[in-house]
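Since the structure comes first, as structure tokens, the remarks are kept for the end.
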Amino acid sequence: MKSFVDNWGMFLLMKDFMKLLGGAKGLKAFMQHENYRLAVAVQSALECGANCRRPPNDVVSLLFRIARHKGILKESYGGAECRVEQVPEPNAPPPHVMEEYFQMIDEVVIDKMCEYVMKPPTGVVSEEEALAYYQALMSAPFYVAFRKAVYDRLAKLYRYRRILDIGAGTQDPLDMLDVCQQHGSECELAALEVDPRICNDLEKLATKRGFEVVCGWGRVSGRYDIAVVQNVLHWTTNPLQVLLDARRRADRLFVSQGVIEGAGIGFVLVKILYANQPLSWKEVEAFTKQAGWRLARRYAKYPNYLALFK
Amino acid sequence: MSLTTRLRCPICGADTSVAITPELLRQASEKGVARLLVRCPRGHAIVVTIDQYGYVRSALPVHEAGRQDCEVTDKAPTSVRARLIAILEKGAVTDADALLLEKAKAAGWVICI
């Protein structure tokens with residue numbers, strides 16, 4: 001019951017998402033595959049010599065942190081030993097729409113786990129490969145459906161005229177425009193990016209799709225009706241600064257952020273693709289309030305923190 | 001002694017058998033998964049990924065994409081291979097596809113002449 005009260009917005013989103021996953025059975029299979037792969041990855045890291053008390057780097061540390069949260073990695077003998085809870089391999093295959101995601105987890109996380117344990121993780125997946133994986137992940141049908149559901153059902157972006165998409169990436173602006181178009185709304189979208197490589201990609205899309213690209217905070221001009229922060233805070237080294245900058249430029253803020261509570265192995269994947277550490281929902285809310293935003297409505301605390309601020 | 005498992009060719013749907021040898025299971029046990037190349041009765045090449053229990057995780061076609069004189073290389077990961085092949089065969093239908101193709105070329109997953 002508490003979980004429902006805390007996360008009713010997630011349940012609302014799930015209506016759309018469940019259809020895509022193939023109903024309750026699909027959702028169950030998805031969660032089983034997530035936990036199974038998490039357990040396999042942890043087992044693999046330990047077998048390759050990782051110390052669960054002192055992980056060799058941020059990637060393995062995050063893997064262990066998530067596994068502890070899920071109760072898959074447990075400590076015994078006063079923390080002297082770590083053991084992995086046995087998670088049976090699911091009988092049902094993953095939902096069709098998630099097959100690519102799980103294959104990516106297998107290839108990028110599990111198959112290379114020994115390498116992450118034994119050498120600096122930045123050398124394992126090259127920058128070019130990371131960008132290609134990132135693009136594949138961002139444009140995967142399940143993720144597109146999730147974002148569109150957030151923008152349509154919760155953020156209701158079609159109600160606003162001037163929208164600032166902070167840390168836009170290459171796929172977010174396209175999804176936002178689709179939602180606006182579905183409702184016949186003429187959104188004026190500005191996609192803000194600080195990564196020059198993504199900015200270049202955005203500029204190619206912008207001419208075709210009719211949105212503005214802003215490369216760096218210094219180039220933001222005017223004021224926006226709403227700023228959107230969609231899974232951005234775990235990519236930045238200074239989340240508070242992002243929220244402070246948003247405060248100066250927009251009247252409202254919609255935050256959609258995957259958090260450590262209930263996080264799955266997908267966070268390890270994006271960490272390998274050069275993201276930073278995930279935050280807890282309390283940290284996200286505290287940073288947002290510290291930046292001067294007032295909570296107007298919270299839709300969910302975890303696994304995705306979803307809230308509107310004024 | 002080896003076990004045999006069956007799958008459908010992702011190109012033509014023909015029933016194809018795969019021998020799961022102890023060597024493959026050992027490899028899968030060490031690395032998480034093992035891959036092998038098999039041919040269906042009609043000659044289509046398929047990359048099969050199995051896990052340590054002999055369960056087939058994926059079976060993806062290996063074929064050259066004629067369009068634009070591009071092909072998906074061996075470096076391309078299994079997870080994205082099917083999507084890249086579809087993009088090369090049908091053309092980049094969406095902006096996201098075009099961008100993925102561009103990134104795949106930069107990563108060496110697709111080469112074009």
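Here, each number is a calculation from the coordinates, and none is a lab measurement. Computed from a predicted model, the values in this text were never measured in an experiment. With ideal geometry, Cβ positions are generated from the backbone for all residues, glycine too; neighbour counts draw on all protein chains shown.
Some observations on this one:
- For residues of A:100-111, the mean tally of beta carbons on other chains within 10 Å: 5
- Rounded tilt (10° steps) of A:127-138 against the dominant C-alpha axis of chain A: 70 degrees
- Placing unit charges on each Cβ (+1 for Lys and Arg, -1 for Asp and Glu) gives the stretch A:235-285 a dipole about its Cα centre, and among A:G266, A:L279, A:V255 the Cα reaching farthest toward its positive end belongs to A:V255.
- Cβ-placed point charges (K, R +1; D, E -1), dipole of chain B about Cα centre in debye, nearest 20: 240 debye
- Charged neighbours of A:R219, selected by a Cβ distance under 13 Å, balance to -3 (K, R count +1; D, E count -1).
- Taking 13 Å as the straight-line reach from the Cα of A:K208, the aspartates and glutamates in range (excluding those fewer than 8 positions away in the same chain) are B:D95.
- Note on B:73-82: average number of Cβ atoms from other chains within 10 Å of each residue's Cβ is 5.
- 17 Å Cα-Cα reach of A:K310 towards lysines, excluding residues that sit fewer than 8 places from it in its own chain: A:K156, A:K289
- Distance from the alpha carbon centroid of the stretch A:96-120 to that of the stretch B:20-45 works out to 18 angstrom.
- Evaluated with a Cβ-only charge set (Lys, Arg +1; Asp, Glu -1), chain A carries a dipole of roughly 1420 debye about its Cα centre, given to the nearest 20.
- Kirkwood hydrodynamic radius (C-alpha pairs) into Stokes-Einstein, the stretch A:141-309, 37 °C and 0.692 mPa s, D in µm²/s: 206 µm²/s
- Set of the stretch A:268-286 residues, backbone N closer than 15 Å to the point 7 Å along the Cα-Cβ line of A:R197: A:270-276
- Taking 0.36 nm per residue of separation and subtracting the Cα-Cα distance, full extension of the segment from B:A86 to B:R39 would add 14.9 nm.
- Shape class of the stretch A:2-138 from the alpha-carbon gyration tensor: oblate, with a/c at 1.5 or above and b/c at least as large as a/b.
- Cα centroid separation, the stretch A:252-310 to the stretch A:144-174 (Å): 16 Å
- Per-residue ellipticity at 222 nm computed for chain A from its helices equals -14000 deg cm²/dmol, with DSSP H segments shorter than 4 residues left out and the rest contributing -39,500 (n - 2.57).
- Between the helical axis of B:78-90 and the longest alpha-carbon principal axis of chain B there is an angle of about 40 degrees.
- Global geometry of the stretch A:58-138, whether rounded, prolate or oblate, following the gyration tensor of its Cα atoms and the 1.5 cut on a/c: oblate
- Between the amide H of A:R252 and those of A:I226, A:A227, distances stay under 5 Å, these residues lying 5 or more places away or on another chain, with hydrogens modeled in the peptide plane.
- With the charge dipole of the stretch A:141-309 set up from +1 on Lys and Arg Cβ and -1 on Asp and Glu Cβ about the Cα centre, the Cα lying farthest toward the positive end among the listed residues A:Q182, A:L308, A:A296 is that of A:A296.
- Given charges at beta-carbon only (K, R positive; D, E negative), |dipole| of the stretch A:141-309 in Debye: 480 debye
- In a DSSP loop and with at most 10 other Cβ atoms within 10 Å, the chymotrypsin sites (Phe, Trp or Tyr not before Pro) in the stretch A:20-109 are A:Y77.
- Chain lengthening between B:E23 and B:C112 when straightened (0.36 nm per residue, less Cα-Cα): 28.4 nm
- Shape call, the stretch B:67-112: gyration tensor on alpha carbons, a/c limit 1.5: rounded
- Folded to 0 to 90 degrees: helix B:95-106 orientation relative to chain B principal axis, Cα: 70 degrees
- Each other residue within a Cβ distance under 13 Å of A:S185 adds +1 if Lys or Arg and -1 if Asp or Glu, for a net charge of -1.
- Once both labels are positioned 7 Å from their Cα atoms along Cα-to-Cβ, the gap between A:Q86 and A:D16 label points is 4.1 nm.
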